[in-house]
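The values are calculated or read from the model by the stated rules, or taken from the named source; none is laboratory data. Not measured: the values here are computed from a predicted model. Positions of Cβ are generated from backbone atoms using ideal geometry, with glycine treated the same way; all protein chains shown enter the neighbour counts.
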Amino acid sequence: MPWRGIVKAALIGTAFATNSTLAAAACAGGSNPLTVLVLRAGVAFLTLQVLLARRGIPRRLPVPQRWQAIGLGVLFGSYSWAVLQAFALMPVALVVVTFYTYPLMVAGYAWWRGWERFSMATGLAFMTAFAGIMLALDVFGVYPDPRGVAMVLASAVVVTVVLTLTPRVRGQGDSRPITLHMLGTACALFTFGLITTSEFALPATALGWLGLLGAPVFYTWAVIALFEVLAIIGSFRMSLVMNVEPVAAVLLSFLVLGQELRQSQLAGAALVVAAVVLLEGARLHRARGQA
């Protein structure tokens, strides 16, 4: 049972949540989403370039694989842009909980392809995790904007495609050169958008600068480690463990942005953790039974 991979996946989810919270702080301080997207994708791309060069890992890919990685990069960048655009149409909490339907999509695809065997414990784990997210993000009673819902659901579909196609594009090779191409493609798209819209904006507050400079740090580590861990524990398990991200976002919003935490939100966080334990416990029991 790859518990190290699971723990690292949880840390990745927390890092993504930290990135989101700091990005929100940057925007609240006078910056904007497109500026944050360019900076964090650029820092991640350059960091991975240096990392691969220092370790002597080839960065070039065979032509077919290169184009596949670039295609994944377009998808990768498009869902990031769509989610940020949805923030203008819906409350952030509702955007996040809608986006996190993607683990259910990944699970459905895995069952359809025969990669994972459906069980009552698995189904219960996913229902518990999603219920926990809804409680943690406290979204009940909020009327959703249909356009925002459509954009976020489309983003969830795109993430499902990226998570399920990346292992096929990677094959038996190193995931990092593929991640490099994806980041480079996304950064190029964001930069083009920033140039054409002239929306570059720096923060005007200390917290805004902390967010603008801190978000790329957490994002860089998380996005580089994401596809490495994906190769270890698989897209199905990765999608469930990553449910810690919205829960961590609630906690970090309280600590960094001063937003109030309710008892229902803490209960939701506990449900997400319980769902992860339930799924892994069921897998361990099944593995022992087969042995």
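Please enumerate the residues belonging to the range 252-265 that are in contact (Cβ under 8 Å) with a residue 60 or more places away in the chain and assigned to a helix (DSSP H, G or I). Write out each step before concluding.
Of all residues in the range 252-265, those in contact (Cβ under 8 Å) with a residue 60 or more places away in the chain come to 252-253, 256-257, 262, 264-265.
The answer is L252, S253, V256, L257, S264, Q265.
Provide a single number: the residues in the range 53-69 that are in contact with a helix residue (DSSP H, G or I) (Cβ under 6 Å, 6 or more places away or on another chain) and surrounded by 17 or more Cβ atoms within 10 Å (Cβ to Cβ).
Of the residues in the range 53-69, the ones in contact with a helix residue (DSSP H, G or I) (Cβ under 6 Å, 6 or more places away or on another chain) are 59, 61, 68-69.
Pick out the ones that are also surrounded by 17 or more Cβ atoms within 10 Å (Cβ to Cβ) and you get 61, 68-69.
So the answer is 3.
Taking into account only those residues within the range 188-231 that are small (G, A, S) and touching a Lys or Arg at 6+ places or on another chain (Cβ under 7 Å), which is nearest to G173 (Cα to Cα)?
In this case the residue turns out to be A231.
Whenever a residue of the range 101-123 is at negative phi, its partners that are modelled with pLDDT under 70 and not in a helix (DSSP H, G or I), lying with C-beta atoms within less than 6 angstrom and at least six residues away or across chains, give the pairs A110/E116; W111/F118.
Can you find a residue that is touching a Lys or Arg at 6+ places or on another chain (Cβ under 8 Å) and either farther than 13 Å from C187 by Cα or among the β-branched types (V, I, T) (or both) anywhere in the range 54-65? So far as the range 54-65 goes, yes, one or more of its residues are touching a Lys or Arg at 6+ places or on another chain (Cβ under 8 Å) and either farther than 13 Å from C187 by Cα or among the β-branched types (V, I, T) (or both).
For the range 23-41, indicate whether the set of residues that are of a type in the set (S, T, Y) and closer than 22 Å to E245 by Cα is non-empty. Within the range 23-41, none of the residues are of a type in the set (S, T, Y) and closer than 22 Å to E245 by Cα.
Answer yes if at least one residue in the range 208-221 is at pLDDT 80 or above, outside any helix (DSSP H, G or I) and closer than 30 Å to A186 by Cα, and no otherwise.
Pass one, the range 208-221, residues at pLDDT 80 or above: 208-221.
This time we only want the ones that are outside any helix (DSSP H, G or I), so: none.
No, the range 208-221 has no match at all.
Check the range 140-148 and report whether any residue there is surrounded by fewer than 18 Cβ atoms within 10 Å (Cβ to Cβ), out of contact with any His (no Cβ under 7 Å at 6 or more places or on another chain), of a type outside the set (D, E) and not in a loop (DSSP other than H, G, I, E, B). Among the residues of the range 140-148, at least one is surrounded by fewer than 18 Cβ atoms within 10 Å (Cβ to Cβ), out of contact with any His (no Cβ under 7 Å at 6 or more places or on another chain), of a type outside the set (D, E) and not in a loop (DSSP other than H, G, I, E, B), which makes the answer yes.
For residues in the range 21-44 being surrounded by 24 or more Cβ atoms within 10 Å (Cβ to Cβ) and under 17 Å from the mean Cα position of the chain (by Cα), which is farthest from Y100 (Cα to Cα)? Only one residue tops the list, namely A44.
Considering each residue of the range 260-276 in turn, none proves to be surrounded by 14 or more Cβ atoms within 10 Å (Cβ to Cβ), of a type in the set (G, A, S) and at pLDDT below 70.
Of everything in the range 152-192 that is assigned to a helix (DSSP H, G or I) and charged (D, E, K, R), the residue that is surrounded by the fewest Cβ atoms within 10 Å (Cβ to Cβ) is R168. Summed over the range 72-89, the residues that are more than 15 Å from A156 (Cβ to Cβ), small (G, A, S) and under 18 Å from the mean Cα position of the chain (by Cα) give a count of 2. Look at (1) in a helix (DSSP H, G or I); (2) modelled with pLDDT under 80; (3) more than 22 Å from the chain's Cα centre (by Cα); (4) among the aliphatic types (A, V, I, L, M) and you find that L230 fails only one, number (3).
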